[in-house]
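**Student:** The structure is given below, and queries will be raised subsequently.
Values quoted throughout were computed directly from the atomic coordinates according to the rules given, and no laboratory measurement underlies them. Everything quoted here is computed from the prediction, not taken from an experiment. Methodologically, a virtual Cβ is constructed for each residue, glycine included, from the backbone with ideal geometry; neighbour enumeration extends over all protein chains shown.
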């Protein structure tokens, strides 16, 4: 049997309860009428009254049902294949594997941008990058000027206060809200709806995972205390403080972002471990395992306290793994690229009794979908005049429907240095451009020379074969959609030539 939503389950139980009560009362009245027929009319009226009172009582119980707790786990720079539930034989993530297998795994999950700040801005705002203007970290003038043919568009570095973000909606609906770890969208997440802030600031990485943590505003309890452990310590303190109040936890530890600082006690087990599909970094592996262990501490507390029963969990990464640190084969490239290795993410959803264990979805979804999904889980209406570019994935989670054929878009009107053997070129991980995925097809348009790349992801997940010449009609279709989307979202396209450029 397919699982149904919590309201459907609750309504079914209440209906059965009402029916039983009314049935029993009818039997009593019928028996009484046998001996006292004069009371027949009065007793029928009593049946109606009793039914109404029962319905009112059940409606009261419905209103008193606790809201679900919500945990959004957004890992930093964790690649698509960096976890066991997505196939890795090198990294060890038993906690995440078990939790994922107890819910629904998504094999075509995406971030709406290929690096940290814009991806997080999309997740929190529920909007494509052109609507908030955060495209990268820091300045848009990345790399050497002589390598940039075009003048890149200006980049925003702060999510505007005018954005009514997910956290603020939940807080206004009565949720206690906590941010734990990396924020990266302004100086203090408490200015945008969080009641509690654990280590969040504008920094994109900690500088060090060992004390002092440099850019992270947390004090270490001892001289060798690992940052990821400390963030979970304080996260557990928050969870213990919530009592019976519904809470929203945005757990976004700095791990596993660089610097690659190993958990020393775990190094020996990975130093001689055989590599798997290009994954062979022992130091990074210790960070992944420790992250899994810390999440295990949280899940253990929730189970012991009984809170896991009413907790909805979404898990994803903010972008692809760093190519020089970890590989995502068969996906091409990594963080910063708009090939699959830069934007496709490990993802699962868990909700005991609501999401069937051991299920999987291959429908393309995005972290833009989290905002409307969480609103639906919490029973909150979409705010008036709030543009949301994603869709609720509840139909997928309950196996009651699909999201239909819909395009996913990416826009990056700037440069990002650090090219590698699998990126667009050896100089930049990506140059200014846009991308669209529709069904199995993906098109990338680069603005410097209007270069077009077309891939069929079903047949060519590694994006090795550019099908532009053999599929001109598909190119025309997707390019028209991409241009129309840029017009709709006022996406800026760089056209000004850079006088310092040297071909």
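**Student:** Just order 351-362, 130-141 by mean Cβ neighbour count inside 10 Å, highest at the front, would you?
**Tutor:** In descending order of packing, they fall as 130-141, 351-362.
**Student:** Express in nm, to one decimal, how much length is gained between residue 324 and residue 172 on full extension, taking 0.36 nm for each residue of separation and deducting their alpha carbon distance.
**Tutor:** 50.5 nm
**Student:** In nm, to one decimal, how far is the residue 202 label point from the residue 498 one, both placed 7 Å along Cα→Cβ?
**Tutor:** That separation, rounded to one decimal, is 2.4 nm.
**Student:** If you count the DSSP beta bridges with both ends in the chain, what percent of them are antiparallel, to the nearest 5?
**Tutor:** 55 percent
**Student:** Just to verify a number: FRET efficiency for residue 440 and residue 222, C-beta to C-beta distance, R0 = 45 Å, to 0.05?
**Tutor:** For R0 = 45 Å, the calculated efficiency reads 0.30.
**Student:** In percent, how large is the relative contact order of region 205-250, given Cα pairs closer than 8 Å and 6 or more residues apart?
**Tutor:** Worked out over region 205-250, it gives 25 percent.
**Student:** Sorted by average packing, counted as other Cβ atoms within 10 angstrom per residue and highest first, what order do 315-321, 487-493, 260-266, 364-370 take?
**Tutor:** Ranking, from highest mean packing down: 315-321, 364-370, 260-266, 487-493.
**Student:** Here is a follow-up. Relative contact order, percent, of the chain when contacts are C-alpha pairs under 8 Å separated by at least 6 residues?
**Tutor:** Relative contact order of the chain: 22 percent.
**Student:** I would also like to ask the following. Calculate the FRET efficiency for residue 469 and residue 265 from the Cβ-Cβ distance with a Förster distance of 60 Å, rounded to the nearest 0.05.
**Tutor:** 0.65
**Student:** Per the Cauchy relation, a quarter of the hull surface: what is the mean projected area of the convex hull of the alpha carbons in the chain, in nm²?
**Tutor:** In nm², the orientation-averaged hull projection of the chain is 28.5.
**Student:** At 222 nm, what helix-only mean residue ellipticity would the chain give, in deg cm²/dmol to the nearest 500, using -39500 (n - 2.57) for each DSSP H run of four or more?
**Tutor:** -10000 deg cm²/dmol
**Student:** What is the packing order of peptides 463-471, 429-437, 388-396, 403-411, taking the mean over residues of other C-beta atoms within 10 Å and listing the highest first?
**Tutor:** 429-437, 388-396, 403-411, 463-471
**Student:** Roughly speaking, what is the stretch gain from residue 386 to residue 451, that is 0.36 nm per residue apart minus the C-alpha to C-alpha distance, in nm to one decimal?
**Tutor:** Stretched fully, the residue 386-residue 451 segment lengthens by 19.9 nm.
**Student:** Work out, step by step, the length gained on full extension between residue 107 and residue 195: first 0.36 nm times the residue separation, then minus their alpha carbon distance; give nm to one decimal.
**Tutor:** 28.3 nm
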